[in-house]
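K.L.:
If you scroll down you'll find the structure; I have some questions about it.
The values are calculated or read from the model by the stated rules, or taken from the named source; none is laboratory data. Worth saying up front: this structure is predicted, and the values here are computed from it rather than measured. As a convention, Cβ positions derive from the backbone with ideal geometry for all residues, glycine included, and neighbour counts pool all protein chains shown.
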């Protein structure tokens, strides 16, 4: 059953008006009906009493004279009153004196009771001169009164009906005035709610309370419209900022479902926004399932303590990329959500890895530079030691007569040559031994080296080669390139000597764009890539970190010097290339050597030095300067043996003073480079200042300060590296002196 409060305003107005009016009209009609009928009844009763009294007075004479007929005649006059159905006159003693009955009663032969429901009986005493002479009784069936009551009821009903009809019309009008605007407000409110259109307005019909309500409602809609426009603008700005953000933005509920996401998140994951809003975070994050979402994120979060973590996300096409995720709880109304900002850190990790590799390369470069400096110093001192050894050995061989002694001396000379070779290896490792370079075909040298290796490597090791015959030229020293390949292949053979295996050599051109590839940091350009691989025992990380260090070796004591790979490293770097290594225990090792390809048009052929025949000197005077007494003594005796006059000085300052006094006395100056107080190049500059045509030969065991090109640029005629062969040195002296005599 519908309660009153749930009825519409129209129904309420109708019920209230109709109910109130009906009750009021009915009450009024009932009261009016009661008053009218009561008044009419009272009047009716009074009239009957008066009639009875008049008839009784007219019957006095008949009673006095006992003439019943007269009394009955008088009673018969009551026939003009149809409602009086009987009348009787009794004497004082109660004897019926006269009787009257209406025609309906007389015809029906009904004995009318004096008292019955619906009948009204009235008695009136007949008094004459103060004495009671009889009683008159009238019986009325109240038809007139009943007719009046019926008429009054009909009138009341008509009045009630008219009032109710008027009330209904009034209610309809009130509904039109009150309920229609309210109903329109209800309809308009529903449209605004459903369509979210705040530009709609209600119609105002008057300035009454309902009109004021409509006006207030319209003002409210206007404010909502303005506020909604501001919110839409703010939302648009927020959405624009979120979509243009560098980071991916997403909103999740407590189950991990996507509630919102920006454009960056869609781009990173490869889904559109509608697809993402049907997905769960566990669908895109690796190693996360829906059951662990609450444990991993929701329960670990607090509003004051956002969570920063790293994860792996999987895009729609299956790509996996690392992200840094910053999460925090966000309250919107009564709901709590997880707000996440995700940043793709692939590039950052790549940069970090490149930085780590560059730092490793820099550390390796610093380490190799330090070792190279140390090696250079050792080489300088060792060359100074070897110089007198070579000189005196050669003098002894030149002057000796005993064949047995010469044989012994030749063995010593061989040992000295091995020592000189070791020094050259150290200088090559330190990349400070200048070697003659020329355009060469790498494929030819590699094939020749592999033929030589095939004869020395056991048959249980198979050599597999992939040599590109059109790989181009490199500007290199052929002997050193041969040394690179022999060292790498020998190490590969050693790793497989017990189990056998496969030795692979690959040579091919590669284009290098400048990006960090395979731990190689080279200028962009075309390179030849030489790979030497084996499937031998391999190396661990500790050995890999020291593989190019001098004197480091994984071989047992006595099986190697530890200089092979150091020399290879120095040769490669000296040629402007790079070398890297990859290895795993029990899986083998592979070396990558990169050498720059020389332009095809570069063909550099140096003119060879024409070594003249050694002949006796023609009394030329040589000024010899070296701070090592043994070296000075050996060189003086060597030159003197060929007829030169030699003035030797172990102090460069004394030599300079001597030259200043007699600059024309000398035909040639031979000076060491590294000396205390005055270096060889400084001494040469001072001498050339005093005498510009003076030929100077600069000798050095090792120097970082000067090389052959710099010496020639200063005006020095020749640059000699210790230790040297006597024959070559004397020939060079003869060449310089001969050129000076010709005025060259």
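K.L.:
Among the residues of segment 407-424, is any modelled with pLDDT of 80 or more and within 27 Å of residue 596 (Cα to Cα)?
P.N.:
Within segment 407-424 (the criterion being modelled with pLDDT of 80 or more and within 27 Å of residue 596 (Cα to Cα)), the answer is no, since none of the residues qualifies.
K.L.:
Right, here's the next one. Of the residues that make up segment 197-220, is at least one modelled with pLDDT of 75 or more and under 39 Å from the mean Cα position of the chain (by Cα)?
P.N.:
Yes: segment 197-220 contains one or more residues that are modelled with pLDDT of 75 or more and under 39 Å from the mean Cα position of the chain (by Cα).
K.L.:
Return only the number of the condition from (1) at pLDDT below 85; (2) surrounded by 14 or more Cβ atoms within 10 Å (Cβ to Cβ) that residue 626 does not satisfy.
P.N.:
The failed condition is (1).
K.L.:
Can you tell which of 34, 62 is in a helix (DSSP H, G or I), in the same structural domain as residue 121 (by TED's automatic domain parsing) and within 29 Å of residue 168 (Cα to Cα)?
P.N.:
None of the other options fit; the residue is 34.
K.L.:
Next question, about the same structure. Being crowded, with 20+ Cβ neighbours inside 10 Å and without any contact (Cβ under 8 Å) to a residue 24 or more places away in the chain is the filter here; which residues of segment 91-101 pass it?
P.N.:
Of everything in segment 91-101, just one residue is crowded, with 20+ Cβ neighbours inside 10 Å and without any contact (Cβ under 8 Å) to a residue 24 or more places away in the chain, namely 101.
K.L.:
Exactly one of (1) touching a residue at least 12 places away in the same chain (Cβ under 8 Å); (2) in a helix (DSSP H, G or I); (3) more than 47 Å from the chain's Cα centre (by Cα) is unmet by residue 444. Its number?
P.N.:
Result: residue 444 fails condition (1) only.
K.L.:
Considering only residues of segment 80-90 that are touching a helix residue (DSSP H, G or I) at 6+ places or on another chain (Cβ under 7 Å) and part of a strand (DSSP E or B), which is surrounded by the most Cβ atoms within 10 Å (Cβ to Cβ)?
P.N.:
87
K.L.:
Select from segment 447-459 the residues that are in contact (Cβ under 8 Å) with a residue 12 or more places away in the chain and farther than 19 Å from residue 481 by Cα and list them in ascending order.
P.N.:
Answer for segment 447-459, where residues must be in contact (Cβ under 8 Å) with a residue 12 or more places away in the chain and farther than 19 Å from residue 481 by Cα: 457, 458.
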